[in-house]
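S.K.: Sharing a structure below in structure tokens format, with a few things to ask.
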Amino acid sequence: MQSIADQLSSGILIVDPELTVLAWNRWMTEHAEIDSETAIGQRLETLFPDLPVATLRRRVKAALQLQSPSYLQPRKGYLFPVTLDRIIDSHFAYMQQRIRILPDENEPHNAIIVVDDVTATREAEARAAVAAKASQRYLELIDHNVMTLGVDDDGHVTRASSALLQASGWNAETLCGTPLDALGLGQLEAHQKAADDKLPECPVLRADGSTLWVRVRKAQGLEDEEGYEHYLVLQDISLQKEIQALSERDALTGAYNRMKFDQLLQAAISAEERYGQQFAVILCDIDYFKRINDNHGHLAGDSVLKQFTALLRTQTRLSDQLARWGGEEFVVLLPIVNTQDAAAAAEKLRQAIATENWPPIGKLSASFGVAFHAPNESADSLLDRADVALYRAKEEGRNRVCIAEPADSERD
């Protein structure tokens with residue numbers, strides 16, 4: 001029996017109910033560094049002064065009375081202190097042990113204590129716990145600092161990060177189940193197909209009705225027993241949009257500035273070349289604007305320019321583009337129109353201006369030059385023809401619409 005016990009890779013010792021050692025195998029000698037001659041006949045508390053004697057006696061008594069195995073989970077992770085000075089970067093100072101207490105079948109009044117080395121398992125558990133804790137901290141960091149949305153296959157929101165809830169003012173409970181397009185994020189398919197260099201930019205509605213501009217990237221989703229969940233990462237670009245708007249807009253009137261209008265005009269020319277979408281421009285100039293500044297002051301002049309811009313917006317289509325060309329001069333780009341429609345649009349503007357009340361000056365008029373873009377015509381040529389038409393309207397008495405002469409290419 002002793003020779004078999006000495007071959008085992010676990011500690012084996014036999015004790016009586018008073019914890020007196022009756023047998024001691026080689027594993028105990030090697031790891032506890034106490035030979036069997038010294039150990040046998042001694043009580044365990046004498047060999048190990050810090051041993052939890054009361055707990056161990058209760059477990060031994062239970063195993064003997066019930067004649068069935070009893071298990072002891074030491075509070076410190078070990079019953080017998082075995083130093084782990086041979087293990088590098090260990091979480092523990094001592095060998096971690098599993099303790100089993102078995103009744104001795106040959107001597108019913110004695111108990112066999114089996115000591116298993118479970119340090120490797122506990123090491124793995126400890127490292128897994130550290131990794132899980134680090135992973136949880138990482139997830140919390142993402143949740144509080146990155147705006148994300150979980151979305152099901154049907155494009156309905158399943159979850160939202162704390163960062164997104166804080167930025168948008170949304171409520172997590174009411175948000176769950178809401179379709180993406182109801183939030184201003186469009187369809188899920190659009191985000192799935194978007195290339196990295198063409199990520200969608202969406203004006204998302206905050207809970208208070210204001211706009212949160214975001215750039216949307218689709219992240220890798222996860223599949224579980226309930227289906228597939230997609231993830232959208234939202235980057236706040238509101239400040240970028242504000243800066244962009246400032247660079248494109250006239251500070252006083254809010255209309256596009258000349259640089260932005262040049263871009264819109266080039267885009268319209270490209271659209272005509274590719275798709276045949278004809279367009280026209282209207283140049284308009286407030287008549288006798290200098291008199292307003294001279295007679296009523298520049299603040300009154302600024303007020304008139306703001307009101308003038310607002311009127312032009314209300315009297316043009318949503319697809320039309322308005323820009324302040326300079327001073328009291330404005331330009332309107334009218335996509336997909338013919339010459340007659342462009343002239344009618346200019347006349348509509350002229351009449352609206354003439355019938356409007358303009359405090360503090362009362363009445364106001366403006367002159368208009370309309371030019372229809374000719375195939376292969378440059379932007380400069382188009383604007384020059386509109387400007388000539390506007391000049392002619394001024395010469396002919398103001399408060400009128402003049403149509404530009406055909407381009408040279410049309411005459412030919």
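S.K.: Per residue, how much space in cubic angstrom lies within the convex hull of the C-alpha atoms of segment 152-203?
M.R.: Hull volume over Cα atoms, normalised by residue count, gives 89 Å³.
S.K.: Using Stokes-Einstein with the Kirkwood hydrodynamic radius over Cα pairs, what translational diffusion coefficient do you get for segment 102-146 at 4 °C and a viscosity of 1.567 mPa s, in µm²/s rounded to a whole number?
M.R.: Rounded to a whole number, D works out at 91 µm²/s.
S.K.: Taking the alpha-carbon set of segment 216-317, what are its Rg and Dmax in Å?
M.R.: Values for segment 216-317 (Cα only, Rg and Dmax): 22.5, 77 Å.
S.K.: Now a separate question. Per-residue HN-Hα couplings for segment 168-174, Karplus 6.51 cos²θ - 1.76 cosθ + 1.60 at θ = phi - 60°, whole Hz, x for Gly and Pro?
M.R.: 9, x, 6, 9, 4, 5, 6
S.K.: Next question, about the same structure. In vacuo Debye scattering of segment 124-216, one point per C-alpha: log10 I(q)/I(0) at q = 0.11, 0.17 Å⁻¹?
M.R.: -0.39, -0.79
S.K.: Each label point is 7 Å from the Cα along the Cα-to-Cβ direction; what then is the distance between the points at ALA344 and LEU66, in nm?
M.R.: Taking the two extended label points, one gets 9.7 nm.
S.K.: Please report, as a whole percent, how much of the solvent-accessible surface of segment 260-317 comes from carbon and sulfur atoms (probe radius 1.4 Å).
M.R.: 47
S.K.: For the Cα atoms of the chain, what angle does the longest principal axis make with the long axis of helix 339-355, in degrees from 0 to 90, nearest 10?
M.R.: Its long axis makes an angle of about 80 degrees.
S.K.: What does the accessible area per residue of the chain come to in Å², with a 1.4 Å probe and no ligands, DNA or RNA counted?
M.R.: Here the per-residue accessible area is 56 Å².
S.K.: I'd like to know how segment 63-151 sits against the 2.2 N^0.38 Å rule of thumb: what's its Cα Rg over that expected value?
M.R.: 1.72
S.K.: Would you mind telling me the antiparallel percentage of the DSSP bridges in segment 306-412, rounded to 5?
M.R.: Counting DSSP beta bridges with both partners in segment 306-412, the antiparallel share is about 65 percent.
S.K.: Also, quick follow-up: Pop out the carbon and sulfur fraction of the accessible area of segment 37-140 as a percent, whole number, probe 1.4 Å.
M.R.: 52
S.K.: Under the Karplus relation 6.51 cos²θ - 1.76 cosθ + 1.60, θ = phi - 60°, what is the ordered set of whole-Hz ³J(HN,Hα) values for segment 183-188, x standing for Gly and Pro?
M.R.: For segment 183-188, the Karplus curve yields 8, x, 9, x, 9, 4 Hz.
S.K.: Calculate one ³J(HN,Hα) per residue across segment 23-32 by plugging θ = phi - 60° into the Karplus curve 6.51 cos²θ - 1.76 cosθ + 1.60, and present them in order as whole Hz with x for glycine and proline.
M.R.: Taking θ as phi minus 60°, the curve returns 8, 7, 8, 4, 4, 5, 4, 5, 8, 7 Hz for segment 23-32.
S.K.: If R₀ is 51 angstrom, what is the calculated FRET efficiency for the pair THR20 and ALA131, using the beta carbon separation as r and rounding to 0.05?
M.R.: Computed FRET efficiency for THR20 and ALA131 comes out at 0.70.
The values are calculated or read from the model by the stated rules, or taken from the named source; none is laboratory data. Quantities reported herein were computed from a predicted structural model and do not represent experimental measurements. Glycine gets a Cβ as well: all are built from the backbone with ideal geometry, and neighbour counts include every protein chain shown. Just so you know, the surface numbers come from the protein's heavy atoms only, side chains and all, with ligands and any DNA or RNA stripped out. Shrake-Rupley method; radii C 1.70, N 1.55, O 1.52, S 1.80 Å.
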